[in-house]
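Notes for the one structure printed next.
The values are calculated or read from the model by the stated rules, or taken from the named source; none is laboratory data. Keep in mind that this is a model prediction, so the values were computed, not measured. Don't worry about glycine lacking a Cβ; one is built from the backbone with ideal geometry, like all the others, and counts go over all protein chains shown. We work out accessible area using only protein heavy atoms, side chains counted, and drop any ligands, DNA or RNA first. Shrake-Rupley method; radii C 1.70, N 1.55, O 1.52, S 1.80 Å.
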Amino acid sequence: QLVYPHDFRLTEKEKTSICYLSFPDSYSGGLGDTQFSFRLRQAGGSRSSPFQDDGRYNREAPLTLQREAAHYFGYVYFRQVKDSSMRRGYFQKSLVLVSRLPYVNLFQCLLQLIAPEYFDKLEPCLEAVCNEIDQWPPPVPGQTLNLPVMGVVIQVRIPSRVDKPGSSPVKQCNQENLLPAPLVLPSVHELDLFRCFQPVLIHIQMLWELMLLGEPMVVMAPSPTMSSEMVLALTSCLAPLRYCCDFRPYFTIHDSEFKEYTTRTQAPPNIVVGVTNPFFIKTLQHWPHILRVGELRMSGDLPKQVKVKKLAKLKTLDTKPGIYTSYKTFLHKDKTLIKRLLKGIQRKRPSEVQSALLRRHLLELTQSFIIPLEHYMASLMPLQRAITPWKNPPQIRPFCQEDFMKSLEHAGPQLTCVLKGDWLGLYRRFFKSPNFDGWFRQRHREMTQKLEALHLEAICEA
């Protein structure tokens, strides 16, 4: 119905996709308000963004929070209430915020403020809000911003690449005289990991491996909220490593890529898709990993844990919650982590503390895996004395997988990680994944830039 600002150009195909993605796909009898998110491939060639910052933001932001060039994120606030004056007997409307930034917390919080007002007052409200948002400063990594909207000030810190991974955001002491006390968001993007992963806590190790290896996966959930949160939680569990495959937090049968993903003539793509329509159980049966989550019901102390089942058990309609896969993990489960989280549930430990424990565990796991790769990569850099002003800068030596595997005996993950298992097998599989390719290209680019800078310095000194 409305696009604000009016000069924002979307193709017809994008508009249609956004419309389909903005409403729950299957019939949902749920009344009230729901929030969820989606990710959409940009149609056609690259278009310049109205916020050209010459790439400074992407250089300084963590890899996992960079501005996307080929995709949009959509953040949805959907309302469905009975209304006899409407032809269908219901008022159904969605307000969608489209951005290239994966700031799920900030934008969902913003929609909670705007959407209820918008459903009441319609267009004038959006115009006022857009005028306020136009005055906001651009996101600069490392800065804390005060963002006024509708009489409230949202305060957020934009994460930076130089932040220590796993540290909590810096608390602001020098509060300027903000008259309404600001609404402080602890993070622009971090989800409540513990809440998202409750039904699959005992399989967290397996899910981390599947994400690391970029395996194709379907997440089937009862609502777009649960599907999008689970997909975003899964793709974030590799941080600070960037998840380089495609992911769709919420996907419908009207999507233009539907045929591409459901064809059986080729292997499923490296992607995690979140779906709610039971029709997908039938069309995506050939995918190697399917995670089916049910409604979150806390039975006793521990939410019911889903079981790992064989794919052949995937009956078309009466699929019970579970992980349908024949994947065997390379590493053993971390029983101490699961015990700590279970104890936390019994002691009613706050969800944010449980999430911090989980995030810390995943961070240490990813770092144990990636540090040996970083060390080996650094050893491929030419020596400083090989850089002379009279010759071209020397080349970075090629990455040899066998040499790397040999280095693991004395410098492998066993130095920092207590988990036992087939680390070598995991690395071999990782080398075939888009995540290795993405990591390697990024590191190679950074090293090349460093060499060029050192070479220029040598020339200047000479």
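Side notes on the structure shown:
- Condition check for Glu229: among the acidic types (Asp, Glu), surrounded by fewer than 20 Cβ atoms within 10 Å (Cβ to Cβ) and at negative phi: no
- Flag for Glu402 being surrounded by fewer than 13 Cβ atoms within 10 Å (Cβ to Cβ) and at pLDDT 95 or above: yes
- Identity of the residue in the range 413-445, within 20 Å of Cys400 (Cβ to Cβ) and basic (Lys, Arg), that ends up most open to solvent (accessible area, probe 1.4 Å): Lys432
- Some residue of the range 49-69 being open to solvent by less than 30 Å² (accessible area, probe 1.4 Å), in contact with a helix residue (DSSP H, G or I) (Cβ under 8 Å, 6 or more places away or on another chain) and either hydrophobic (A, V, I, L, M, F, W, C) or modelled with pLDDT of 90 or more (or both): yes
- Restricting attention to the range 76-126, the residues being exposed (fewer than 15 other Cβ atoms within 10 Å of the Cβ) and outside any strand (DSSP E or B) number 13.
- Qualifying residue in the range 303-312 (condition: touching a residue at least 24 places away in the same chain (Cβ under 8 Å), under 22 Å from the mean Cα position of the chain (by Cα) and part of a loop (DSSP other than H, G, I, E, B)): no
- If you filter the range 149-172 down to residues that are among the β-branched types (Val, Ile, Thr) and part of a loop (DSSP other than H, G, I, E, B), you find that the one that is modelled with the highest pLDDT is Ile158.
- For the range 350-374, the tally of residues that are surrounded by fewer than 16 Cβ atoms within 10 Å (Cβ to Cβ), in contact with a helix residue (DSSP H, G or I) (Cβ under 6 Å, 6 or more places away or on another chain) and closer than 20 Å to Phe436 by Cβ stands at 0.
- Any hit, the range 436-452, residues being touching a residue at least 24 places away in the same chain (Cβ under 8 Å), in contact with a Pro (Cβ under 6 Å, 6 or more places away or on another chain), within 30 Å of Val272 (Cα to Cα) and assigned to a helix (DSSP H, G or I): no
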